[in-house]
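Taking it in order: structure first as structure tokens, then the write-up.
The values are calculated or read from the model by the stated rules, or taken from the named source; none is laboratory data. None of the values given here were measured: they were computed from a predicted structure. Note that each Cβ is placed from the backbone with ideal geometry, even for glycine, and that neighbours are counted across all protein chains shown.
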Amino acid sequence: MSDEPATAADLGAGSVDTEQQRPVGTLTRVTRVVAAAGVLVVVWVLLTAWPVVVHGHPLYAALLAITLVLSMYVGLSTRRPPSERRRRRRVLRMLLIVGSVGAIGLVAWLKPFTAQEPALAAMQSDPKVAVAEYPTQIVMTPAGTPSTTAVFFQPGARVDARAYAAVLRPLAEAGHIVVIPKQPIGIAFLATTAFESAQAAYPGVTRWVVGGHSLGGTVAAIDADDHDTDVTAPVVGLLLYASYPATDMSTSLTAAVLSISASNDGLATPAKIDAAKPDLPKATTYTVVEGAVHAFFGDYGPQPGDGTPTITHDAARTQISTASVGWVTTLAR
């Protein structure tokens, strides 16, 4: 047993660390529980969402690594013998606990929805479309000379960017370059500069259609409103999938708008789509896919809070793609 007298809190805890042969306090037990939870959450994410960790934006993998290292450090810190500066150690440990709990909660909540078939098959190149995947984006390039009108599409919150490959690939087959950014930790508001990077990367594109699903559409609306009057490569179209703008741009937005929504959407409900209509230009085109739900705008499985579909996913995807290609074609020169 250590020569240092045990504190009242330690003696009242009633448990003993057999390795150190000294009483274990409540704070130490809490620290170990939090540390173990951090390790378990990271392992859970790796086991259930490994493909997205590998194919997603590098920031999420970095967050997992930081959480794992922090949790292990916090846990191992409880194995050290008592210090003469016990109060300082307690304050530091409490700060580490708070930091760990926050990181653990964030990692668990940010666990992404993983892309499923047929999106994964659509990620393969063929004679019609070349698909290139990079750490921060996916690019679909049509064979031959591409149209000078390209499409930039923001994924929904926490959704694997690859999940939109099948629904957007017909746009590439129709001759348009399609760029899908991989958002940092799956949040579109952290990818607000991605469109400007795409503009700079494709000088041959003279007109852009920006779009997005759910929260991605909200960010796309901001990009459209900010860049519809650009002298070089302006945004000429805003493509909204189960989405609507966060602010009124009914008079400021000069780009054409196509809003595609789902009648059975439990998240971007028909009532929410209708309520946001005054925030979009009067000339906005609205298309409703009857029987579809929020998750049918990508291929990533069911989504909590969504509605119940009365149409097949394949049928809904076909309607969404067909409407998108027809509309973008009318904007292309």
Inset, instruction - Go through (1) over 17 Å from T218 (Cα atoms); (2) touching a strand residue (DSSP E or B) at 6+ places or on another chain (Cβ under 6 Å) one by one and return the number of the condition I311 breaks. - result: (2)
Inset, instruction - Would you check if S250 is under 27 Å from A119 (Cβ atoms), touching a residue at least 24 places away in the same chain (Cβ under 8 Å) and part of a loop (DSSP other than H, G, I, E, B)? - result: no
Legend entry - Qualifying positions in the range 141-174 - surrounded by 24 or more Cβ atoms within 10 Å (Cβ to Cβ), assigned to a strand (DSSP E or B) and in contact with a His (Cβ under 9 Å, 6 or more places away or on another chain): A150, V151, F153, Q154, V159
Legend entry - Some residue of the range 125-138 being of a type in the set (D, E, K, R), assigned to a strand (DSSP E or B) and within 23 Å of T192 (Cβ to Cβ): yes
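Matching residues to (1) small (G, A, S); (2) more than 30 Å from A62 (Cα to Cα); (3) in the same structural domain as F297 (by TED's automatic domain parsing); (4) at pLDDT below 95:
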position: A161; (1), (2), (3), (4): yes, no, yes, no
position: I180; (1), (2), (3), (4): no, no, yes, no
position: T206; (1), (2), (3), (4): no, yes, yes, no
position: S214; (1), (2), (3), (4): yes, no, yes, no
position: V231; (1), (2), (3), (4): no, yes, yes, yes
position: T254; (1), (2), (3), (4): no, yes, yes, no
position: S259; (1), (2), (3), (4): yes, yes, yes, no
position: D265; (1), (2), (3), (4): no, yes, yes, no
Legend entry - Elements of type helices (runs of 4 or more DSSP H) contained in the range 1-96, each with 3 or more residues being at pLDDT 85 or above and among the aliphatic types (A, V, I, L, M): 26-55, 58-77
Inset, instruction - Determine, yes or no, whether A276 is in the same structural domain as S243 (by TED's automatic domain parsing), in contact with a helix residue (DSSP H, G or I) (Cβ under 6 Å, 6 or more places away or on another chain) and free of Cβ contacts under 8 Å to residues at least 60 places away in the same chain. - result: no
Inset, instruction - Restrict the check to the range 260-274 and report whether at least one residue is in a loop (DSSP other than H, G, I, E, B), within 22 Å of the chain's Cα centre (by Cα) and of a type in the set (G, A, S). - result: yes
Legend entry - Residue within the range 215-222 that is over 25 Å from the mean Cα position of the chain (by Cα), farther than 15 Å from V151 by Cα and in contact (Cβ under 8 Å) with a residue 12 or more places away in the chain present: no
Inset, instruction - Filter the range 184-209 down to the residues that are in contact (Cβ under 8 Å) with a residue 60 or more places away in the chain and in a strand (DSSP E or B), then identify the one that is nearest to the chain's Cα centre (by Cα). - result: V209
Legend entry - Residue list for the range 288-333, restricted to those being outside any helix (DSSP H, G or I) and surrounded by fewer than 15 Cβ atoms within 10 Å (Cβ to Cβ): E290, G301, P302, P304, G305, T308, T310, T312, R333
